[in-house]
Amino acid sequence: MSIRKRKFFVKRGQGIVVGSFNGTKTAETNMEPGLKAALLEQISAVKKVKDFQVVLSAVEKAIKLIPDNIYLREYHVATLIGKLHDFEAGWIALGRFTRNAIERNSEDWLLAAMRQLFGSPYDYSCLPFAERFSMGKELSDRILTLCPQWDARSRALSYAAIAPYYHENGKNERAVELIEEALKLLEGESLADDVKQEWLAQLLQALEKYKG
């Protein structure tokens, strides 16, 4: 498991992305803290303009300086596919992000890539079907291999993240098993009540969908 852990709570389409991800020791940590903070603050300000071409330009410049920042990499894909509907460029960025995650073989990158491939409200019909599912399989296999090393909360998050892949792949029984296991793990965790109830609600909604 990585050294630094950051919490997040984000609802994204039908995906379940409540939990935490781990920051790794990367080139990002070698950047002067003030410069990194300034870059992220600049992007936050640009996002308020709602000119997503400007946002895209700012994000791509920041990625060149902080290539290992997962927030930037995910937002890059989300801007291309979700905001600009540039599926060709978005797929290239998503494919690169997924390959990087597989190469790193770390929890935070693998889960982030899986969420982008199967847990975001994109028009997935515009993405290459066979390639997307091939990458999903490799991500899922790697996550399940690493899962036994993780704590209960991370395992629950992982099962919730890969369940949509099995559901879309026509393997509903496996998707149901994963969500049920995530529910068991979550019930034994000490979390703020509002966070726990929100996550439980999302898991139960997914379970109903997969059973239906």
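Scan region 192-199 and give yes if some residue there is in a helix (DSSP H, G or I), touching a helix residue (DSSP H, G or I) at 6+ places or on another chain (Cβ under 9 Å) and closer than 24 Å to Ile70 by Cα, otherwise no. So that I can check it myself, show each step before the final result.
Initial filter on region 192-199 (in a helix (DSSP H, G or I)): 193-199.
From the residues that got through so far, the ones that are touching a helix residue (DSSP H, G or I) at 6+ places or on another chain (Cβ under 9 Å) too are 196, 199.
Then keep just the ones that are closer than 24 Å to Ile70 by Cα; that gives 199.
Yes, some residue in region 192-199 is in a helix (DSSP H, G or I), touching a helix residue (DSSP H, G or I) at 6+ places or on another chain (Cβ under 9 Å) and closer than 24 Å to Ile70 by Cα.
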Check: Taking Glu208, is it more than 20 Å from Leu146 (Cβ to Cβ), of a type outside the set (A, V, I, L, M, F, W, C) and assigned to a helix (DSSP H, G or I)?
Finding: yes
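How many residues are assigned to a helix (DSSP H, G or I), open to solvent by 10 Å² or more (accessible area, probe 1.4 Å) and either closer than 18 Å to Ala113 by Cβ or hydroxyl-bearing (Ser, Thr, Tyr) (or both) if we restrict to region 147-160? Step through it out loud before you land on a result.
Residues of region 147-160 that are assigned to a helix (DSSP H, G or I), as a first pass: 147-149, 152-160.
In the following step, the residues that additionally are open to solvent by 10 Å² or more (accessible area, probe 1.4 Å) were identified as 148-149, 152-153, 155, 159.
Then keep just the ones that are either closer than 18 Å to Ala113 by Cβ or hydroxyl-bearing (Ser, Thr, Tyr) (or both); that gives 155, 159.
Total meeting the criteria: 2.
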Next item on the list: Would you check if Arg6 is out of contact with any Ser or Thr (no Cβ under 6 Å at 6 or more places or on another chain), closer than 30 Å to Ala182 by Cβ and modelled with pLDDT under 50?
Entry: yes
Check: Within region 55-70, can one find any residue that is open to solvent by 50 Å² or more (accessible area, probe 1.4 Å) and within 16 Å of the chain's Cα centre (by Cα)?
Finding: no
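Within region 53-79, can you find the residues that are under 18 Å from Gly119 (Cβ atoms) and not aromatic (Phe, Trp, Tyr)?
Initially, region 53-79 is screened for residues under 18 Å from Gly119 (Cβ atoms), giving 70-71, 73-79.
Ile70, Arg73, Glu74, His76, Val77, Ala78, Thr79 - these are the residues of region 53-79 that are under 18 Å from Gly119 (Cβ atoms) and not aromatic (Phe, Trp, Tyr).
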Next item on the list: Return the pairs, sorted by first residue and then second, in which the second residue is among the β-branched types (Val, Ile, Thr), the first residue lies in region 121-137 and is part of a helix (DSSP H, G or I), the beta carbons are less than 6 Å apart, and the residues are 6+ apart or on different chains.
Entry: Met135/Thr98
Checklist line | Residues that are of a type outside the set (Asp, Glu) and either open to solvent by less than 10 Å² (accessible area, probe 1.4 Å) or more than 17 Å from His76 (Cα to Cα) (or both), drawn from region 96-110 | finding: Phe97, Thr98, Ala101, Ile102, Arg104, Asn105, Ser106, Trp109, Leu110
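Among Leu191, Leu144, Leu204, Leu178, which is free of Cβ contacts under 8 Å to residues at least 40 places away in the same chain, within 19 Å of the chain's Cα centre (by Cα) and open to solvent by 30 Å² or more (accessible area, probe 1.4 Å)? Before you say what the answer is, go through the steps one by one.
Values: Leu191 fails: within 19 Å of the chain's Cα centre (by Cα); Leu204 fails: within 19 Å of the chain's Cα centre (by Cα); Leu178 fails: open to solvent by 30 Å² or more (accessible area, probe 1.4 Å).
It is Leu144.
The values are calculated or read from the model by the stated rules, or taken from the named source; none is laboratory data. Here the structure is a predicted model, which is why all the values come from computation and not from measurement. Cβ atoms come from the backbone with ideal geometry, glycine included; neighbour counts cover every protein chain shown. Keep in mind that these areas ignore ligands, DNA and RNA; they rest on the heavy atoms of the full protein, side chains included. Shrake-Rupley method; radii C 1.70, N 1.55, O 1.52, S 1.80 Å.
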